[in-house]
């Protein structure tokens, strides 16, 4: 295992604070809570994979922040790869119909794979990814999800590592976005759809 001294994420970051924005609602998870939980997950994964460092597979784009922080919190020589998927549906709701936009560069044969997700809503996209990766002859396949929306999953996912279970609200920050905005917020916040957009959609 590695023995270098690590500086806690919460001590080194300079968080972006969004200006007054009517679309940003209550804070769901604070930056300090995120930092502490990522360290806890890293310690748990380090213990579970002590003799078999995993390949971390981050799902772009939303998982880039949790992927970066989690990798540094795992005290093992992990390897990292990324894949990107597109899910058809509305801006705030996935249909579960998925296509792979960027596939992995790494051969998964006989590898211990840990998929790192930003958020699990219906679970349909993650269910597709699991099926897709399992046929690649992985030795093991587990999932670490930063956020899981309570009561929204339509399939049984068996997620091994969960950061936070949150209410079924649309959220942004710490990698999560709306039309590529708000990814760099240091905390997770509710996204409040503008009144005008709600009125137009209800017609």
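Below, the figures for the structure above:
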| read-out | value |
| --- | --- |
| Matching option when the condition is in a helix (DSSP H, G or I) and modelled with pLDDT under 55, among 40, 11 | 11 |
| Boolean, residue 35 is over 20 Å from residue 160 (Cβ atoms), surrounded by 13 or more Cβ atoms within 10 Å (Cβ to Cβ) and modelled with pLDDT of 95 or more | yes |
| Residue satisfying all of: in the range 38-52; touching a strand residue (DSSP E or B) at 6+ places or on another chain (Cβ under 8 Å) and surrounded by fewer than 19 Cβ atoms within 10 Å (Cβ to Cβ); nearest to residue 160 (Cα to Cα) among these | 44 |
| Single match in 146, 108, 141 (criterion: part of a loop (DSSP other than H, G, I, E, B), at pLDDT 95 or above and surrounded by 19 or more Cβ atoms within 10 Å (Cβ to Cβ)) | 108 |
| Residue satisfying all of: in the range 45-71; in contact (Cβ under 8 Å) with a residue 12 or more places away in the chain and part of a loop (DSSP other than H, G, I, E, B); nearest to the chain's Cα centre (by Cα) among these | 63 |
| Any hit, the range 116-132, residues being modelled with pLDDT under 95, loosely packed, with under 13 Cβ neighbours inside 10 Å and either within 15 Å of the chain's Cα centre (by Cα) or more than 20 Å from residue 52 (Cα to Cα) (or both) | yes |
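The values are calculated or read from the model by the stated rules, or taken from the named source; none is laboratory data. It should be emphasised that the depicted structure is a prediction, and the values quoted were computed from it without experimental measurement. FYI the Cβ positions are ideal-geometry reconstructions off the backbone, even for glycines, and counts take in every protein chain you see.
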